C-alpha cells in the first residue's frame, strides 16, 4: 500500500495500484476486513448493489472495478466520511458506476425505495456500545462501536432494500457468529454460505464471512477456512489469492460476473 500524504489526509494505493483511497491520516481508516468482505462477494451482471455503512467506499469501488454489474450505491451516516468516499470515487473515475450518499441505515425508507436492490453488503460495527473503551475519535468510535447501528439494524435495512431472492453479504467477529446468524433469520435473510477466517493456522477463528438470501430456503454451505497469515509469517497463499482476485477486472481478462 502506498500512502501519499496531503495535509490531514493520505491517498493510499491498493490492489496493486488499481485503486486510490482518500483517508484521514489519523481518523478512521479501512482495515483488512474490508478486503476480506470484498473478496467474498459474488455479483452478477444484472445486480444492483447497496453498500450499507460504506465508510471510505473501498468495498463499493473494488466491486465496481471487479464486476460488470448495475448501479452501486454507498451509504454512510458520517457526513465527512461520505464526502471523502465521494471524492475517492471521482479520483478513480468511477462516478458513472458508484454513487455515495449520506444516510442513516436505521431509517431505510429514507435511503431508497423498498425492494430496489438485488445485493447488499455491510461491515457493521463489531463492539457493543458500552463494551470496552470508546475511542475519542468520533469517526473511529462510530465505525467500531454500535453507536449509530447494530448488526440487527444493518440486516433490517438489507431486508427492506432487497428483492425476494436478493443476497446480503457481511463480515462479523467469529465470537458473535450466533448473534449474526440468528438476526439474519429474524430478518428473513437465510444464511446460505459461510467461511471462517483465522489469523493463522492453529489459531481460533477471527471473523466469519456470510452470505444470506432474502426469503431463501434452509441449506448452508460452509467453505474451507481462510488463513490471513502463513505459518512462517507474511500473507498466506489463500490471502494472496484474494489479493489477486481483487486486482482482477473484466476489462483485463480477470473476474467476470457469475451466471448464477
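The numbers here are math on the coordinates, done by the rules we state, and not lab data. Only a predicted model underlies this, so the values are computations on that prediction, with no experimental measurement involved. Please note: Cβ atoms are built from the backbone with ideal geometry, for glycine as well, and neighbour counts cover all protein chains shown.
Some observations on this one:
- Sorted by Cβ density within 10 Å, fewest first, the residues 90, 197: 90, 197
- In terms of the mean number of neighbouring beta-carbon atoms within 10 Å, the peptides 47-55, 228-236 order highest first as 47-55, 228-236.
- Its Kirkwood hydrodynamic radius, worked out from the mean inverse distance over all distinct Cα pairs, puts segment 2-249 at 18.2 Å.
- Once the Cβ-Cβ distance of residue 200 and residue 220 is raised to the sixth power relative to R0 = 30 Å, the FRET efficiency obtained is 0.75.
- Segment 2-249 - share of DSSP beta bridges that are antiparallel (%, nearest 5): 55 percent
- Hydrodynamic radius of segment 191-233 per Kirkwood, over alpha carbon pairs, in Å: 11.4 Å
- Residue 46/residue 245 FRET efficiency (R0 30 Å; Cβ-Cβ; nearest 0.05): 0.90
- Segments 205-218, 113-126 sorted - mean Cβ within 10 Å per residue, highest first: 113-126, 205-218
- Taking label points 7 Å from Cα along the Cα-to-Cβ direction, residue 232 and residue 20 give a separation of 3.7 nm.
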